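Right, one structure below, let's go through it.
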Amino acid sequence: MNERSTPSHGESTESGASRLPPRPVSRPAVDPALEAAFSRPHGVQGSFSPEGGRDPVPQGSPPAPPPPALAEAFGRPEGADDVVLQRPTGEAGPTSGNGGDSDGADDQPLWTSVEDPWRDPGAAAVLGGPAVPDTDRTDGESERPRGPQLSLPEVLFGRRVRPTALALLGVVALLVGALGGAVGWALANAGDSLTGELEIAEARHGKERPAGSVAAIADRVAPAVVSIEVESGQAGGVGSGVVIDGQGYVLTNHHVVAQAVDNENTEVRAVFTDGTRVPGRIVGTDPKTDLAVLKVDVTNPVVIRIGDSGALAPGDAVMAIGSPFGLENTVTEGIVSALNRPVTAPGEDGNPAVTYDAIQTDAAINPGNSGGALVDSTGALVGINSMIRTVGSGGEGGSIGLGFAIPVNQAIAISEQLIADGQVEHAAIGVNAASVSATASEGAQVRNVVEGGPAARAGIAEGDVITKVGDRRVRTAAELTVAVREHDIGQEVPVRLVRGGRPLTVEVTLGSD
């Protein structure tokens, strides 16, 4: 059998290629302490201990000292003698050696008579008695004597009052009580002579009014509603207004103060419910929505609470408060007849027509109610009374249950612009339109288009019938105006129209009026 020899370092095989020997084994240095603790006992070379046991004395370096924490927990207490374990004094125990077998060299026991808290693990436990008080007295100790009980005078007066004085005090208390009872009885019997004869029929019970009654609401709201007097020479007029701000801003109708807008000689006064009369200064007006704001100089006026006209529904109870025909603080009651009712009226003194989305109510509204408050069942302002429908001639007719108010959400927004800038701008589409039919709701027909206006840029032409602006249906020319004003200036709005019998939708970027 042939054997192959391994070539040494630097030698070549028969094929001529050199072959490297194995790498030397890396044996790092071992810590002496670890070697002493974990190495084989002295004299043991294999995996098992030889017969006769292992050498009890380890070779090499001594083991490392225990950690301080373990030494503190399991070591001897500080100051303890370095003695071996002991048993209690008087007990016998094994001596030194293996298993107690003494070889006679040393008969000293593993414990001494010195008391030490350390005990041999094999020592017996010593049980003591239960930790309860001993109730049986065997030492002959006598029970502690009890002190004398205190009497009532001693408790109340600290033994400083004699019994006779205490009895006298009780008699005085009885006399005082008897005297008070006698006086009360005498006054009760003498009541008729003091107050006279009282007939039950003459007593009138007080009127109880619930918090939400019409009387309670009127009493709370009336101080915030004022009468507005306009005087220009021999002419003049009366309307109403509502205090909407603590600084003295009063909201009213434009047509109430129209005479004083361009006439410096016209005087405007506000009359409060307590009779206070103060002059008013016109801050700004908006003829297109028939709104105006006045400023009066008053201290701490009563301000009406602003409501939400968008939360109204037909059938809700409302109240109108104002000065119809100059009759101050007149209160009428009704309901909301309709919402989003487009109304229009001719403008005052050549101003453009008045058009707004109105709240219709059957609460009695008459000339002089204009600018007054329309409040809901909580007394919050929901509208500014502005217009009535009547059957009389010349505008002198009275209410027939068709009154119209400007929604407060729209009125407050316009009043804030008037206070800030003195004027208001509205969105416009740039057309003049008329209702298709006076008796039918078929849309608004374009009569002419403003050159270069929003409608002209969108391609709307004369004769087109506009039927919808945005999401709102258009049925009349007035509704076209209010539908456009619901949007902002510069907003792009889809407009649906009919041209030659064919529907068409165009996008219009609204302009300003």
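At-a-glance table
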item: Helices (runs of 4 or more DSSP H) fully within region 401-513 counting 3 or more residues that are surrounded by fewer than 21 Cβ atoms within 10 Å (Cβ to Cβ); result: 408-421, 454-458
item: Where a residue in region 231-258 is touching a residue at least 40 places away in the same chain (Cβ under 8 Å) and its partner, wherever it lies, is surrounded by 24 or more Cβ atoms within 10 Å (Cβ to Cβ) and assigned to a helix (DSSP H, G or I), with Cβ under 6 Å and at least six apart; result: 239/256; 251/415
item: Residue match in region 455-476 (condition: under 16 Å from residue 353 (Cβ atoms), at pLDDT below 90 and out of contact with any Phe, Trp or Tyr (no Cβ under 8 Å at 6 or more places or on another chain)); result: yes
item: Complete set of residues in region 430-486 that are within 18 Å of residue 499 (Cα to Cα) and of a type in the set (Asp, Glu); result: 442, 462, 464
item: Members of region 335-389 found to be in a loop (DSSP other than H, G, I, E, B) and charged (D, E, K, R), listed by number; result: 362, 389
item: Checking residue 499 against (1) farther than 19 Å from residue 287 by Cβ; (2) in contact (Cβ under 8 Å) with a residue 40 or more places away in the chain, the condition it does not meet; result: (2)
item: Residue list for region 41-79, restricted to those being at pLDDT below 55 and among the polar types (S, T, N, Q); result: 59
item: Flag for residue 332 being part of a strand (DSSP E or B) and modelled with pLDDT under 90; result: no
item: Selection from region 259-279 of residues that are in a loop (DSSP other than H, G, I, E, B) and more than 26 Å from residue 351 (Cβ to Cβ); result: 272, 273, 274, 275, 276
item: Hits in region 477-509 (condition: over 22 Å from residue 353 (Cα atoms), in contact with a strand residue (DSSP E or B) (Cβ under 9 Å, 6 or more places away or on another chain) and not aliphatic (A, V, I, L, M)); result: 490, 491, 492, 494, 496, 499, 503, 505, 507, 509
item: Conditions (1) at pLDDT below 90; (2) surrounded by 10 or more Cβ atoms within 10 Å (Cβ to Cβ): number failed by residue 224; result: (1)
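A quick yes/no check of all residues on (1) surrounded by 10 or more Cβ atoms within 10 Å (Cβ to Cβ); (2) outside any helix (DSSP H, G or I); (3) at pLDDT 70 or above:
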position	(1), (2), (3)
161	yes, yes, no
166	yes, no, yes
180	yes, no, yes
185	yes, no, yes
188	no, no, yes
194	no, no, no
201	no, no, no
204	no, yes, no
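The values are calculated or read from the model by the stated rules, or taken from the named source; none is laboratory data. Note that this is a predicted model, so its numbers are computed, not measured. A quick note on method: Cβ atoms are made from the backbone with ideal geometry, for glycine too, and the neighbour counts reach across all protein chains shown.
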